[in-house]
Amino acid sequence: MSSRRGGRDDRVERSFMKKSLARSAPSSVSATTIVSSLLTVQTPGAGFVDLTAEIAQFVEDAHAREGAVTLFIRHTSASLTIQENADPSVLDDLMTALDRLAPQHAGWSHDTEGPDDMPAHIKTMLTAASLQVPVLHGELALGTWQAIYLIEHRTRPHRREVVLQFIGDMT
């Protein structure tokens, strides 16, 4: 397909590759059960806190079989992410990248709570306030090298709250 705009040819060419795909048979869940919990985390200051074991324990305690766990952090200066858990240098590099994207001393007008507060808001905006993880056969459907992290964006330690909800079928 091509079109002419302003005297130029906007032709788009696409090449299609053979795909090797496999999918399991669909499963059906009647989502009549919702289990909720509030996870309180004391952070050590800026950095990543691995929540994976706590979330897996919540799934076990909820007797979850098939469905999804939703995590929602109740703050605007900390966030959630799923990232690699094998090499700690990944987390160091991610903190460095976030610091470069939102440096502390960049002349922010919002500095009432300190020079690290506005950058923390920006870092939260760039990451996530909520996550959803599938639960299959009673376990989190995370990949081999994936973990669930709370990211503290403030310099000092903080008490953070994460709402957990499982929606789905129970054992």
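The values are calculated or read from the model by the stated rules, or taken from the named source; none is laboratory data. The model shown is predicted, which means the values in this text are computed figures rather than measured ones. Methodologically, a virtual Cβ is constructed for each residue, glycine included, from the backbone with ideal geometry; neighbour enumeration extends over all protein chains shown.
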Strands (runs of 3 or more DSSP E) within the stretch 103-171 that include 2 or more residues out of contact with any Asp or Glu (no Cβ under 9 Å at 6 or more places or on another chain), under 24 Å from ALA25 (Cα atoms) and not basic (Lys, Arg): 130-136, 159-170
Test for ASP92: is it more than 26 Å from GLY168 (Cβ to Cβ), of a type in the set (Asp, Glu) and free of Cβ contacts under 8 Å to residues at least 24 places away in the same chain: yes
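Kindly indicate which of THR52, THR40, THR70 is loosely packed, with under 12 Cβ neighbours inside 10 Å, touching a strand residue (DSSP E or B) at 6+ places or on another chain (Cβ under 7 Å) and modelled with pLDDT of 95 or more. Reasoning before the result, please.
On the way: THR52 fails: loosely packed, with under 12 Cβ neighbours inside 10 Å; THR70 fails: loosely packed, with under 12 Cβ neighbours inside 10 Å.
None of the other options fit; the residue is THR40.
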Residue in the stretch 3-15 that is within 30 Å of GLU113 (Cα to Cα) and either of a type outside the set (Asp, Glu) or at pLDDT below 85 (or both) present: no
Residue identified as out of contact with any helix residue (DSSP H, G or I) (no Cβ under 8 Å at 6 or more places or on another chain) and surrounded by 11 or more Cβ atoms within 10 Å (Cβ to Cβ) among LEU126, LEU131, LEU101: LEU131
Some residue of the stretch 144-163 being within 18 Å of LEU38 (Cα to Cα) and acidic (Asp, Glu): yes
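For the stretch 116-171, what are the residues that are among the charged types (D, E, K, R) and more than 16 Å from the chain's Cα centre (by Cα)?
Filtering the stretch 116-171 down to residues among the charged types (D, E, K, R) leaves 116-117, 123, 139, 152, 154, 156, 159-161, 169.
Scanning the stretch 116-171 gives ASP116, ASP117, GLU139, ARG154, ARG156, ARG159, ASP169.
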Near pairs, Cβ below 8 angstrom, 6+ apart or cross-chain, from the stretch 38-67 (touching a residue at least 24 places away in the same chain (Cβ under 8 Å)) to any residue that is of a type in the set (A, V, I, L, M) and in a loop (DSSP other than H, G, I, E, B): LEU39/LEU51; VAL41/LEU51; THR52/LEU142; GLU66/VAL29; GLY67/VAL29; GLY67/ALA31
Among (1) of a type in the set (Ser, Thr, Tyr); (2) surrounded by fewer than 18 Cβ atoms within 10 Å (Cβ to Cβ); (3) in a strand (DSSP E or B), the one test that THR76 misses: (3)
